[in-house]
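Engineer: Mind looking over this structure? Questions follow.
The values are calculated or read from the model by the stated rules, or taken from the named source; none is laboratory data. The model shown is predicted, which means the values in this text are computed figures rather than measured ones. Cβ placement follows ideal geometry from the backbone for every residue including glycine, while neighbour counts extend to all protein chains displayed. Please note that ligands, DNA and RNA were not included when accessible areas were found on the heavy atoms of the full protein model with its side chains. Shrake-Rupley method; radii C 1.70, N 1.55, O 1.52, S 1.80 Å.
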Amino acid sequence: MRSVMKPQPATAAGALLSSTHRMAPRKSIDLAAHLMDLCRTAGLSGHEAPVRNVLRRAWRPLVDELSGDRIGSLWGIRRAARRPAGRILLAAHMDSIGMLVTRIQDGFLFFAAIGGIDARVLPGALVQVHATRAGGSTALPGVITSRPPHVQSADEKRKVTPVHHLMVDLGLSAAQTARSVEIGDLIVFAQPPLRLGGDLLLAPALDNRASVAALTGCLAHLRGQALQWDVVAAATVQEEEGFAGAYSSAFAAQPDAAIAIDVTFGRQPGLPEWKTFKLGEGPTVSFGPNLHPQMGAALMEVAAANAISCARDVMPLHSGTDAYAMQVSRAGIPCGLVSIPLRNMHTPVEVVAMADVEQAARLLAKFVLALDGKFRKRLKVHP
Amino acid sequence: MKPERAAKPAATLPGLIRQLSEAVAVSGDEHAVRQIVLQALQNSADKLEVDALGNVLATRTGTSRRRERVMAAAHMDEVGVMIVSIESDGLLAIEAVGGLDARVLLGKQLWVGRQRLPGVVGATPVHLLKDEDEKRPVAFDALRVDIGAASREAAAKLVQPGDRATFATSFRNLGGSLRGKALDDRVGVALLIELFRSTRFEFDFTAAFTVQEEVGLRGAQVAAFAIDPVAALVLEVTPANDLPPQPGETENVRYNTRLGHGAALSLADSSTLYPRALVQHFAAIAARDQIPFQYRQPGGGGNDSGGIQRRRSGIPVLALSVPGRYIHSPAALVRLSDVRAALQLARSALAELPRMPRRPSRS
């Protein structure tokens, strides 16, 4: 049904990552370890500093310059070897969904959602509260309240408990809690990153740290390679709360073209097949009103030329990604969208296949290497 | 897939509307209308370009030495559906592109893809409907398009996910009224083509034929940024809900606009509050020149004005619309006298546009 090509053996990406390029020999990057690092680090929408710091360390050896927009997005910039034939913005949002303390009552923490939290998965979830009064970096372990079936009325049993009825219990006395926690403190899922069987990786915040890792992988591929276009790799802020970092980064960077890297729905029961993609069969390339048809076509061509398995992801309306914002920046920016299939989106147990992350990295790098003096002209043609 | 070739642009206004109405240009794939527009303007535009999103921006230099720029916009796209998957039996699953009611698709013929394959949206025979389903509106995920392909493989040779489809409606001139699909906003596109070809203003005039209005006013936003005008006019088709009262009602007070009552000036809608000075200028010109006009009842809905008004440091914008019944359905209906009134008012009011307040400096 979809133009899925033969899956690539997982070793190919690894081999490429560790191969030596002509300009600068380098160590290979362990993308899985890097991704698990990113997932262990908090970075809720509007509060991305911790994950930005991890990323700054990872990107410094891979880029010519580190910079950013004025609201916290991080840019890793690679300069073209000669006069640049264009500038491309590669954007993956680094923020993740989470929760925020709104009220403290009798030692319990009421909270609000940051981003699209699914209230159904919250009761009984293990969390960490980044308690400012307890020293800022201290993460206090907690659990989200749930009411045993025994005490629920028949009516309650049929309903999803809304977020504003739930609380975090730190197991501390009311006085201890009041001493440690402040209104506005952040709450993250405590689920540690974990390798599942085969090639799968489980963690909270894989949306969108998986794509950030792919961006890191792309920069690693490009290291030592002569480029014809300038590349701005951006880890954007606040995607989950309205794409703020994509708006500001696209406006400031003024690119000739942009690619958003995000996650898409992995195949799982109960979802329509057309909206979901099997894990491990490669990244997807999107088509729809937010995306420039030439960007989609060019990404598919690069994928085919490099034997990267890649499915078409069709998006009739809002892509729900940074591409939505970048496209309408200034006088308009041609956008592409590369996505990594992910199961259980916006829950503490998001799952991706590492091969898809690696293939996304490879696709982005091969695409950047294929950018030449003629590509800007191609974008002027609306087929 | 072979792109369709645009025919020579029609000479008369109804002829131009017919040609535009029958072109297929669902939001995000405005190619067919863009070709007609480019061809229609090639001899009158001093500058003609297509931007990164696919908007057509056409400029006629003004006669005055004051280098002010005024923008007028009409959107090329229409609501429709996107093929999202081909099923094993050769049927196509679809999703809405733009504000489209699934109920109006049941039992209709569609044009599918650039090659305009005929297809139909099937409906369960009424004999086999369960009682509760007879009263339940159908949802998009229950609709399938049948292009006559016997299998997934056969269908995949003709269409692919991402292709668009829209109503297969032939345009009809009913004598006084025009009936066709996508009159929202092909009537506006035709008006803008006519206005552009026939008039050279004092100011530089840029006509923006925009993309993706129906999915969030997206083309207009980037066009307004690029053009950076002192003022803008949006040419639209707005709903006319001027039907007799429903059983139980004594009077229809929520008509929005009425056919045959002239061009409609917007005061407020969900995307824009229109500057009083612009509204009054257009109303004054209409009254002086005896051009029929009406006010669109303030309320919901929106148009490219919302995308234009908030670009850069703010752009004064007005919407001038032709009332249309049954828009976003297989066949909308407009009155030709309203179309002509809108053209005349746009031309006269723009020609005498007062100087716009100076914008703050950008230092």
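Engineer: Would you say A:LEU140 is open to solvent by less than 60 Å² (accessible area, probe 1.4 Å), over 30 Å from A:ALA260 (Cβ atoms), outside the structural domain of A:GLN238 (by TED's automatic domain parsing) and modelled with pLDDT of 95 or more?
Structural biologist: Criteria not met by A:LEU140.
Engineer: Kindly check whether there is at least one residue in region A:120-132 that is hydrophobic (A, V, I, L, M, F, W, C), within 29 Å of A:PRO50 (Cα to Cα), open to solvent by less than 40 Å² (accessible area, probe 1.4 Å) and at pLDDT below 90.
Structural biologist: Taking region A:120-132 as the starting set, the residues that turn out to be hydrophobic (A, V, I, L, M, F, W, C) are A:121-122, A:125-127, A:129, A:131.
Filter once more, so that each one left must be within 29 Å of A:PRO50 (Cα to Cα): A:121-122, A:125-127, A:129, A:131.
Subsequent filtering for residues that are open to solvent by less than 40 Å² (accessible area, probe 1.4 Å) retains A:122, A:125, A:127, A:129, A:131.
Okay, now just the ones that are also at pLDDT below 90, so A:131.
Yes - at least one qualifying residue is present in region A:120-132.
Engineer: Could you check, for region B:154-171, whether at least one of its residues is in the same structural domain as B:LEU91 (by TED's automatic domain parsing), part of a helix (DSSP H, G or I), within 24 Å of B:GLY99 (Cβ to Cβ) and open to solvent by 50 Å² or more (accessible area, probe 1.4 Å)?
Structural biologist: no
Engineer: Kindly indicate which of A:GLU301, A:GLU273 is facing another protein chain (nearest Cβ under 8 Å), surrounded by fewer than 23 Cβ atoms within 10 Å (Cβ to Cβ) and over 17 Å from the mean Cα position of the chain (by Cα).
Structural biologist: A:GLU273
Engineer: Looking at the structure I just gave you, is B:ARG179 within 28 Å of B:ALA72 (Cβ to Cβ), surrounded by fewer than 21 Cβ atoms within 10 Å (Cβ to Cβ), away from chain A (no Cβ under 14 Å) and not small (Gly, Ala, Ser)?
Structural biologist: It is true that B:ARG179 is within 28 Å of B:ALA72 (Cβ to Cβ), surrounded by fewer than 21 Cβ atoms within 10 Å (Cβ to Cβ), away from chain A (no Cβ under 14 Å) and not small (Gly, Ala, Ser).
Engineer: Take region A:309-333 and flag every residue that is facing another protein chain (nearest Cβ under 7 Å), of a type in the set (Val, Ile, Thr) and crowded, with 24+ Cβ neighbours inside 10 Å.
Structural biologist: The answer is A:VAL328, A:ILE333.
Engineer: State whether one or more residues within region A:168-179 are touching a strand residue (DSSP E or B) at 6+ places or on another chain (Cβ under 7 Å) and surrounded by fewer than 17 Cβ atoms within 10 Å (Cβ to Cβ).
Structural biologist: Yes, the conditions are met somewhere in region A:168-179.
Engineer: Can you tell me which residue within region B:53-64, out of those that are assigned to a loop (DSSP other than H, G, I, E, B) and open to solvent by less than 20 Å² (accessible area, probe 1.4 Å), is farthest from the other protein chains (Cβ to nearest Cβ)?
Structural biologist: B:GLY62
Engineer: Quick one: which strands (runs of 3 or more DSSP E) lie wholly within region B:290-363 and hold at least 2 residues that are free of Cβ contacts under 8 Å to residues at least 60 places away in the same chain?
Structural biologist: On the way: elements: B:293-295, B:317-324, B:332-335.
Qualifying strands (runs of 3 or more DSSP E): B:293-295.
Engineer: Something else now. Give B:GLN35, B:GLN39, B:GLN19 a once-over and let me know the one that is assigned to a helix (DSSP H, G or I), in contact (Cβ under 8 Å) with a residue 12 or more places away in the chain, within 12 Å of chain A (Cβ to nearest Cβ) and of a type in the set (S, T, N, Q).
Structural biologist: Of B:GLN35, B:GLN39, B:GLN19, the one residue that is assigned to a helix (DSSP H, G or I), in contact (Cβ under 8 Å) with a residue 12 or more places away in the chain, within 12 Å of chain A (Cβ to nearest Cβ) and of a type in the set (S, T, N, Q) is B:GLN35.
Engineer: Hey, another quick one. Hey, could you check region A:61-85 for residues that are under 22 Å from the mean Cα position of the chain (by Cα) and part of a loop (DSSP other than H, G, I, E, B) and say which is nearest to A:ASP372 (Cα to Cα)?
Structural biologist: The selected residue is A:VAL63.
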